[in-house]
Structures are given as C-alpha cells and as structure tokens.
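Colleague: Take this structure, written in structure tokens, and hold onto it; I'll ask about it next.
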Amino acid sequence: MAQKNSSPWVDYVIFGLTVFLVFCLIFESFIDLPSLVAWLGRWHPLILHFPIVLLLMAAAIGLFNRIVPKLLLTIATLSALVTAITGFFLGTETVPKGDLILWHQWMGAGVAFLAVLWYWLSTNHLQQTYLVKGIQVILILLVGFTGHFGGMITHGEDFLAMPRSKKLEKIPENPLIYEHIVHRVLDNSCIGCHNPNKSKGELLMTSIGELIKGGESGPALVVGDPVNSELIRRLHLPMEDEEHMPPDGKKPLSDNEIQILERWIALGASDTLKLSDLDNSEPLAGMVKKMMEEGTSNSWAKLPKVADSTLQNLASDYVTIQRISSNSQALSISVFLPPDYDPKNITDLKRISNNIIELDLSGIPIGEKEMEFVAMCKNLEWLEVDRTPLTDTEFDKLKGLAQLRVLKAYETGITDKSVAVLKDFKGLKSLYLWETQISEVGFTELKEALPNLILDHGIDPELKREFIEKDTIVDSIQ
Ligand code: HEC
C-alpha cells in the first residue's frame, strides 16, 4: 500500500523550492542576486554529494521492485532541489556562462524536476508504474551525466577560465612550424573558444582548413597575406577594442607569437614546413628559436618531486590541484571560497609551495597570512589575487617573486605605494589592474620601468560591463 506523508509542510517546501528554481532559471538575466546568495552558492560542492548518493539509492531500490522508503525519497528530492538552486547561485558568479556550465545547469535542474515528479507520483500512490520506472532509469543516467559535466567544470575548462600555458612543454629539436609552433600558440590562447564545442563567431581554429574557411565575417586566414587575414588584424587591435583577440581578461599573445603567426601565413601557411627548411636569414627561424629557448631556459625540471598522494591529501572540494602537464612536478592550484573560510585552507599548501607555478586566489578574502604563504611560492609564474581585500601592506610581501609572468590584481585596494613592488617584477609580461587605487601617474611610472609589460588597467567600467554581458542574453531593458 501507499505510504502516508509524514506531514504536509514537506510538500509545501518541495513545491516552493521547485517554483523558486523554475523562477531562477527563467528569469536569470533579470535578477541581480544579493551577496548572501553568492555565499549560499558556495555550499554547492558539498551538498551535491547528497542527491547523487540518495537518488541513485532510491532509483536502484525502485528498479529492484522494492518500495522506496518515503523518507529516503523525500530527502533525496529536497537535496536535489537545494543542490540545483545553490548550483544556480554559484553559476551566477561566472559571466558569461560557458557551454559546459549551461549543460550542467540544465541537466542538474532536470534531475531536480524528475525527482519532484517522482515524489509527487509516489505521494499520489503511483509508486509502481512504468512511468516511475522510466523516471528511475532516466534519473540514474542524468545524475551520471550531470556529475560528469560538473567534474569537467571543476577540472578546469571554462569555470576556472585559466588558460593553460603549455609553453614549457618540450618542443622537438626540429619542429614542424604548424604543428609544434603555430598550433601550440593557437591551442594556448584561442582554441578554447574556437572549437567544435564552442565555435565563437562560428570560427573553428583546430586546422588550417578551418582557418581558411573562417567564420561569420569570412576567412580568418588568407594564405600568403597576413595583412588581410582577419585573425592577424584582431591580434593587433588595441586591448580595449571589443574585437581584440583573445578577449578582455584572457592572456594576450606575445609579440613574438604574433610575428610567428604573421610570418608563417606570409610564407604560405604550410603544414609541412619544418624549422630546418628555413634559411638562417629567414626571420621566422629566429622567432621560432626564440620561442624554443624561452621554453627551456625556465625549466621546471629542477622542481622537487611531489607524490600524487600528497596532492590528493591537500586537495578538497574547494582547492583544486593539477599538474600542469601529466608528468611534471609543476602545479596549478585554484582555490574557491568555502562557506566557512579559514586561512588554513590556503596556508596548508605550504608543503608544496616550491612546486606551485600557477595560483588562483581570485575572490578569496585573503590577508597577511595568506600573502606570507604566497611569498613562499618562489617559482610562481602566474598569480591571481584579483577581487580580494588586499592593500599595500599585504601586497608588499610579494616582493621576492622573481619568476612572475602574469599577475591579476584588479579590484583590490592597492595604491601607488605598490607600484614600487610591481616595478621589481622584471619578468612580468601581463598585468591586470583595473579598479585599484593606482593613479595615472603610477601607471606611467610602471610603463616606464617595464616597457614590455602588457598592462591592462581597464577601460571605462560601463564599457567593460557591456563587453562582459555581450555574450549573454542580457537586460537591454532598464
Ligand atoms: C574567451 C573566448 C575567446 C578566445 C579565447 C578567443 N576568441 Fe576569438 N572570438 C570570440 C568571440 C565571442 C567571437 C565573436 C565575437 C566577435 O566577432 O568579436 C570571436 C571571433 C573571432 C574572430 C572572427 C570570426 C568571424 O568570422 O567573425 C576571429 C578571427 C577570432 N575570434 C580569432 C581569435 C584568435 C586568433 C584567438 C586567439 C589569440 C581567439 N580568437 C581567442 C571569443 C574568443
């Protein structure tokens, strides 16, 4: 016989949450969420374990023709709803949402809605119908796919928006110019947005043929003619131009990389050309050699060994640790804000400080303790401390980081006092500094001290807002 509901308020809560989730999904672009909600989103990585386990258990019990305990189904449904809602909140922090996040979001919502439907059917004594069996099968599959997509999100790709720098992986002695050089540059900076899963501007960049075919505005590459190649034109646009590639916030190509692309196109955009085919007087040979040298001089070979087990111990739902390439000792770490943040989340990483090459602390309320830890990461090349409460006092601790190439410190409280620290980063290539207290005078001083630095100190915030929102379907109604 059907089971009785424990109390009707559970039904109301489930109904209320379902309506709320539908509302969020439909009116996403019109709602501006308060910061409490952003905080709630941080619970998503913890809570999501509940519906996975509970729903799979409930579905399995149902498929074995047993009565699914009402309490199990109730908690599973509630946790699926709460997970979908907190996930939605977390997702609002990523603008624009990538395809992976969107898929994950809709599949996760699907899981929650199916669970609610099942709950409703069972409340209405329809526990053992074919419809319910169907729901159980689909739920098992959908939970699997949602989890898989969620995993892909936390493992890098879109969510972290952290460009992999593959520069230091070894280039062969006599490289093929396209495969080992040009393609590597495109792969590092462009293909993330121009691939079969995500063809921005309808442009694919995974082969020469696709480049020639081009996108929305025609061919991206004209063989033998770099000046008329859309791809090159966009690389040369000023940083703040909307059409500049890669877009705002992504690491731009170096001059050498741009010149390599140009010269390779001028020489016929061949896919069989090798370094040894080039005359010594051919400028492309020099540029390629320069790129190869950069790749080896700064070798990670000397880094101390870290065991996978150490990394597993230190990683958590809020700290992702990856080897930059499969066998290297060089690590890339991203920290997300847990609901109950403690500096130990970060300072516990001390044991592996020498191996950390990339560190992303964006949006974490870091202070002196954390910065002392950062200062211990002597091999750090890529640091993101944007959107943090940093002031000059804490920033001063970064002084000794000689390897730093990329630094994101926008939306912090640093002032002209920190310019002295910045000026000392002789190897710095890209610096992102909008919305700080640094004055025009400070910027000028910085540009003089580091002439090769690509400094992004922002454009009019309104413009930037527009740019960020361009990719989403956003409120023109205001
Ligand atoms: C963060 C995502 C992203 C990255 C990374 C990126 N692009 Fe784009 N790209 C876009 C978007 C969005 C468009 C379409 C809007 C536009 O035309 O500006 C576009 C359009 C283009 C177009 C025009 C396509 C057409 O026919 O309209 C070219 C050429 C291009 N990108 C080249 C590049 C190159 C070269 C790189 C690497 C240096 C790169 N992109 C990296 C997002 C990206």
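Colleague: Looking at residue 282 and the list (1) over 23 Å from the mean Cα position of the chain (by Cα); (2) surrounded by 15 or more Cβ atoms within 10 Å (Cβ to Cβ); (3) at pLDDT 90 or above, which single condition is not satisfied?
Modeller: (2)
Colleague: Scan the range 330-369 for residues that are crowded, with 20+ Cβ neighbours inside 10 Å and farther than 22 Å from residue 394 by Cβ and jot them down.
Modeller: Listed by number, the residues that qualify are 330, 331, 332, 355.
Colleague: So, one more: Could you say whether any residue in the range 374-382 is surrounded by fewer than 16 Cβ atoms within 10 Å (Cβ to Cβ) and within 20 Å of residue 405 (Cβ to Cβ)?
Modeller: Residues of the range 374-382 surrounded by fewer than 16 Cβ atoms within 10 Å (Cβ to Cβ): 378.
Adding the requirement that they be within 20 Å of residue 405 (Cβ to Cβ) leaves 378.
Within the range 374-382 (the criterion being surrounded by fewer than 16 Cβ atoms within 10 Å (Cβ to Cβ) and within 20 Å of residue 405 (Cβ to Cβ)), the answer is yes, since at least one residue qualifies.
Colleague: Further question on the same structure: Can you name the residue in the range 26-42 that is assigned to a helix (DSSP H, G or I) and more than 22 Å from the chain's Cα centre (by Cα) and is also farthest from residue 113 (Cα to Cα) among such residues? Walk me through it before giving the result.
Modeller: First pass over the range 26-42, keeping only residues assigned to a helix (DSSP H, G or I): 26, 28-30, 35-41.
Of the ones still in play, those that are also more than 22 Å from the chain's Cα centre (by Cα) are 26, 30, 36.
Values: 26: 14, 30: 22, 36: 25 Å.
Applying the filter and picking the extreme gives 36.
Colleague: Right, here's the next one. If you check every pair at least six apart or on different chains, which have Cβ atoms under 9 Å apart with a residue in the range 53-70 that is assigned to a helix (DSSP H, G or I) first and a residue that is among the charged types (D, E, K, R) second?
Modeller: What qualifies is 62/133; 63/133; 70/4.
Colleague: Would a scan of the range 207-221 turn up a residue that is more than 30 Å from residue 300 (Cα to Cα), within 8 Å of the ligand (Cβ to nearest atom), charged (D, E, K, R) and surrounded by fewer than 19 Cβ atoms within 10 Å (Cβ to Cβ)?
Modeller: Checked against the condition, which is being more than 30 Å from residue 300 (Cα to Cα), within 8 Å of the ligand (Cβ to nearest atom), charged (D, E, K, R) and surrounded by fewer than 19 Cβ atoms within 10 Å (Cβ to Cβ), the range 207-221 yields at least one hit.
Colleague: Right, here's the next one. Quick one: how many residues across the range 176-205 are over 19 Å from residue 263 (Cβ atoms) and within 12 Å of the ligand (Cβ to nearest atom)?
Modeller: In the first step, residues of the range 176-205 are kept if they are over 19 Å from residue 263 (Cβ atoms); the result is 191-204.
Applying the additional criterion that residues be within 12 Å of the ligand (Cβ to nearest atom) yields 191-195, 198-204.
Here the count works out to 12.
Colleague: Right, next: Any idea how many residues of the range 228-253 are assigned to a loop (DSSP other than H, G, I, E, B), more than 6 Å from the ligand (Cβ to nearest atom), free of Cβ contacts under 8 Å to residues at least 12 places away in the same chain and of a type in the set (D, E, K, R)?
Modeller: The number of residues fulfilling the criteria is 1.
Colleague: Additional query: Taking the options 418, 353, name whichever one is touching a Cys at 6+ places or on another chain (Cβ under 7 Å) and either assigned to a strand (DSSP E or B) or free of Cβ contacts under 8 Å to residues at least 60 places away in the same chain (or both). Break it down into steps so the answer makes sense when it comes.
Modeller: Details: 418 fails: touching a Cys at 6+ places or on another chain (Cβ under 7 Å).
That would be 353, the only listed residue that is touching a Cys at 6+ places or on another chain (Cβ under 7 Å) and either assigned to a strand (DSSP E or B) or free of Cβ contacts under 8 Å to residues at least 60 places away in the same chain (or both).
Colleague: Still on this model: Is it true that some residue in the range 43-65 is exposed (fewer than 14 other Cβ atoms within 10 Å of the Cβ) and farther than 18 Å from residue 114 by Cα?
Modeller: yes
Colleague: Taking the range 27-52, which residues are without any contact (Cβ under 8 Å) to a residue 60 or more places away in the chain and of a type outside the set (A, V, I, L, M, F, W, C)?
Modeller: Answer for the range 27-52, where residues must be without any contact (Cβ under 8 Å) to a residue 60 or more places away in the chain and of a type outside the set (A, V, I, L, M, F, W, C): 32, 34, 35, 41, 44, 49.
Colleague: For the range 175-206, give me each residue that is buried (at least 17 other Cβ atoms within 10 Å of the Cβ), of a type in the set (Lys, Arg) and within 17 Å of the chain's Cα centre (by Cα). Can you show your working first?
Modeller: Here is the first cut: in the range 175-206, the residues buried (at least 17 other Cβ atoms within 10 Å of the Cβ) are 175-178, 180-186, 188-190, 192-194, 200, 203-205.
From what's left, of a type in the set (Lys, Arg): 184, 200.
Within the range 175-206, just 200 meets the criteria.
Colleague: Right, next: Determine whether residue 217 is among the hydroxyl-bearing types (Ser, Thr, Tyr), free of Cβ contacts under 8 Å to residues at least 40 places away in the same chain and either in contact with a helix residue (DSSP H, G or I) (Cβ under 7 Å, 6 or more places away or on another chain) or within 27 Å of residue 381 (Cβ to Cβ) (or both). Show your work before the answer.
Modeller: Numbers: among the hydroxyl-bearing types (Ser, Thr, Tyr): yes; free of Cβ contacts under 8 Å to residues at least 40 places away in the same chain: yes; either in contact with a helix residue (DSSP H, G or I) (Cβ under 7 Å, 6 or more places away or on another chain) or within 27 Å of residue 381 (Cβ to Cβ) (or both): yes.
In short, yes.
Colleague: Identify, please: which residue in the range 260-279 is in a helix (DSSP H, G or I) and surrounded by fewer than 19 Cβ atoms within 10 Å (Cβ to Cβ) and is, among those, nearest to the ligand (Cβ to nearest atom)? Walk me through it before giving the result.
Modeller: Just the residues of the range 260-279 that are in a helix (DSSP H, G or I), to begin with: 260-266, 275-277.
Narrowing further to those that are surrounded by fewer than 19 Cβ atoms within 10 Å (Cβ to Cβ): 266, 276-277.
Numbers: 266: 16, 276: 27, 277: 25 Å.
The selected residue is 266.
Colleague: Kindly establish whether residue 348 is in a helix (DSSP H, G or I) and in contact (Cβ under 8 Å) with a residue 24 or more places away in the chain. Let's see the steps before the verdict.
Modeller: Details: in a helix (DSSP H, G or I): yes; in contact (Cβ under 8 Å) with a residue 24 or more places away in the chain: yes.
Yes; evaluated as a whole, the condition is true for this residue.
The values are calculated or read from the model by the stated rules, or taken from the named source; none is laboratory data. Note that the coordinates shown come from a computational prediction; the quantities given were computed from them, not determined experimentally. Note that each Cβ is placed from the backbone with ideal geometry, even for glycine, and that neighbours are counted across all protein chains shown.
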